[in-house]
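So the structure is just underneath, and the comments pick up after that.
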Amino acid sequence: MKQESFTVEEATRAAERFCAYQERCHQDVERKLKKMGMIQDAIDQIIPHLLQHNFLNETRFAKVFAGGKFRIKKWGRVRIVRELKMRGLNKKTIDIGLAEIPEEQYRLTFDTLSRKRNNQLTETDKYKRRKKLADYLLYRGWESHLVYAKAKELIPDD
């Protein structure tokens, strides 16, 4: 099978559509262009074009990503930060993204999620139950001090 080749112009238009569909980070766009068979020189030409014409904006990406993962997937800050770092975003951009999550809403979501998960658990041994609850919340990226305090609150020692 012959691999399709693209001109810089065609690849630029494809990248514009790719970015217009949903917010992307530099890494996503670069991966897409490499998959299209573009050489590094072409990529180095296309990405600044996308930035200049506001198709690509990492601050906007961080805000949308953090807000979406929090609201839809109920992820905590730890997981969101980890995912954004994996996408090559810097600390300042990540902090701007996290600022999209209101503190009151964050606490309320954590409380609701904790209680819901605790009610779903069938484990009768309180220590195993507490561990299962904590593991679930930690996996979702909630801060450990919040998780352990909530687990102790919902499943007391008696």
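Mind checking the dipole of the range 1-138: about its Cα centre, +1 per Lys or Arg Cβ, -1 per Asp or Glu Cβ, Debye to the nearest 20?
Here the range 1-138 has a charge dipole of around 1120 debye.
Calculated from DSSP H runs of 4 or more alone, at -39500 (n - 2.57) each and per residue, what is the 222 nm mean residue ellipticity of the chain, nearest 500?
-22500 deg cm²/dmol
When only C-alpha pairs under 8 Å and at least 6 residues apart count, what is the relative contact order of the range 83-158, in percent? Before the final figure, lay out each step's value.
On the way: 30 pairs, mean separation 19.9, N = 76.
Normalised by residue count, the contact order of the range 83-158 is 26 percent.
For the chain, set up a Gaussian network in which alpha carbons nearer than 10 Å are linked by springs, and say which option among LEU84, LEU146, LEU108 fluctuates the most.
In this elastic network of the chain, the residue with the biggest mean-square fluctuation among LEU84, LEU146, LEU108 is LEU108.
Viscosity 1.306 mPa s, temperature 10 °C: Stokes-Einstein D of the range 8-52 from its Kirkwood Cα radius, in µm² per second? Provide the component values of the computation, followed by the final result.
Values: Rh = 10.2 Å.
The Stokes-Einstein estimate is 156 µm²/s.
Counting Lys and Arg as +1 and Asp and Glu as -1, each charge on the Cβ, what is the dipole of the range 24-76 about the Cα centre in debye, to the nearest 20?
Using Cβ point charges on Lys, Arg, Asp and Glu, the range 24-76 gives about 540 debye.
Provide the per-residue ³J(HN,Hα) series for the range 51-57, in order, calculated from phi with Karplus coefficients 6.51, -1.76, 1.60 and θ = phi - 60°, each as a whole number of Hz, with x at glycine and proline positions.
Listing the rounded values in order: 5, 4, 9, 6, 7, 10, 8 Hz.
Let me know the Rg and Dmax you get for the range 16-99 when you use only its Cα atoms, in Å.
For the range 16-99, the Cα-based Rg and Dmax read 13.4, 40 Å.
For GLU58, GLU123, what's the fewest-to-most ordering of other Cβ within 10 Å of each Cβ? Spell out each step's value before the answer.
On the way: GLU58 23, GLU123 13.
So the residues, fewest neighbours to most, are GLU123, GLU58.
Check TRP75: other-chain or 5+ apart residues with amide H under 5 Å from its amide H, H built from backbone geometry?
Amide H neighbours of TRP75, under 5 Å, 5+ apart: PHE70.
Residue-wise, which Karplus ³J(HN,Hα) couplings in Hz belong to the range 111-126, taking 6.51 cos²θ - 1.76 cosθ + 1.60, θ = phi - 60°, and x for glycine or proline?
Those phi angles translate into 4, 4, 4, 4, 5, 4, 5, 4, 5, 7, 6, 9, 4, 8, 5, 5 Hz.
Would you pull out the residues with amide H under 5 Å of LEU56's amide H, same chain only if 5 or more places away, H placed 1.01 Å from N?
Close amide H contacts, sequence-distant or interchain: LEU51.
Return a whole-number percent for the relative contact order of the chain, with Cα pairs under 8 Å and 6 or more residues apart as the contact set.
Numbers: 143 pairs, mean separation 32.6, N = 158.
So the answer I get is 21 percent.
Which Cα, out of PRO48, GLN22, ALA11, lies furthest along the positive dipole direction of the range 8-52 (beta carbon charges, K/R +1, D/E -1)?
So the residue we want is GLN22.
If you build the convex hull over the alpha carbons only and average its shadow over all orientations, what do you get for the range 91-155? Give it in nm² to one decimal. Walk me through the intermediate numbers first.
On the way: hull surface 18.6 nm².
Computing the convex hull of the Cα atoms and averaging its projections yields 4.6 nm².
What are the ³J(HN,Hα) values, in whole Hz, obtained from phi via the Karplus relation 6.51 cos²θ - 1.76 cosθ + 1.60 with θ = phi - 60°, for each residue of the range 86-100 in sequence order, with x given for Gly and Pro?
Rounded to whole hertz, the list is 4, 8, x, 7, 7, 4, 4, 5, 4, 4, 5, x, 5, 5, 6.
Quick note: the coordinates plus some simple rules give every number you see, no bench work behind them. Every value quoted in this text rests on a predicted model; they were computed, and no experiment measured them. Reconstructed Cβ throughout: ideal geometry from the backbone, glycine too, with neighbour counts over all protein chains shown.
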